[in-house]
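The values are calculated or read from the model by the stated rules, or taken from the named source; none is laboratory data. Everything numeric here is computed off the predicted structure, so don't read it as measured data. What goes into the accessible areas is simple: the full protein's heavy atoms, side chains included, and nothing from ligands, DNA or RNA. Shrake-Rupley method; radii C 1.70, N 1.55, O 1.52, S 1.80 Å.
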Amino acid sequence: MAKGKYEYWLTEDGLLLLSAWARDGLSEEQIAHNMNVAYSTLRTWKDKYPALSAALKKGKEVVDIEVENALYKNAVGFKETVKKPIKVKRVDYENGKRLKEYEEVVEAEEEIFVPPNTVAQIFWLKNRKPAEWKDKREEIEQEQEEKETVRIELTRNGKQYEQNSDNP
């Protein structure tokens, strides 16, 4: 009996590939194309096989949340434990007499503070509070567009006059 196309997509490799495509931002239509199946088939398989649906969902949602959390973490700064090699001097004694002296490198843990990243802060604020944090250039362009919509052409005695919102 021939194997169905869906069986590969339920294996660990197939699910990993589906999750990666979703993480890369491919639409479900594009993913179906990459799988060499119709989009309607993919929708049917998602309903029928929860593992397939979960792989696509994980690729889209969980990764977005992980990136958002990492961006926030970089924007506010964080503490991290790092391992650093340090040189230690050892001295062996016997009966109060110095026998041997040597140095060795050992790993020590140190907690460091990673300061906030201003680029991450700017990105976060521009996207979360665009009204307060938009670029100056964007404000000027928006004001010019608003002025264009407010301008009214008046016709008086066969002549055209322009009325601007700045000069009523």
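Per-residue accessible area (protein heavy atoms, 1.4 Å probe) orders 87, 57, 126 as 87, 57, 126, starting from the largest. Using a cut-off of 25 Å between Cα atoms, the listed pairs 73/126; 5/58; 57/83; 73/129; 58/134; 5/46 include 57/83; 58/134 as exceeding that distance.
Less than 5 angstrom separates the built amide H of residue 78 from those of 114, all sequence-distant by 5 or more or on a different chain. Backbone geometry of the range 78-95 corresponds, through the Karplus equation with coefficients 6.51, -1.76 and 1.60 at θ = phi - 60°, to 3J(HN,Hα) couplings of 7, 9, 9, 8, 10, 9, 10, x, 10, 8, 10, 8, 10, 10, 9, 10, 9, 6 Hz, x marking Gly and Pro. Listed values for the range 24-32 are Karplus-derived 3J(HN,Hα) couplings in whole Hz (6.51 cos²θ - 1.76 cosθ + 1.60, θ = phi - 60°), namely 6, x, 5, 6, 5, 4, 5, 5, 4, and x replaces Gly and Pro. Evaluated at q = 0.12, 0.15 Å⁻¹, the base-10 log of the normalised Debye intensity for the range 1-118, with identical point scatterers placed on the Cα atoms, takes the values -0.66, -0.79. Computed 3J(HN,Hα) for the range 107-116, one whole-Hz value per residue from the Karplus formula 6.51 cos²θ - 1.76 cosθ + 1.60 where θ = phi - 60°, is 9, 10, 8, 9, 8, 10, 9, 8, x, x, glycine and proline marked x.
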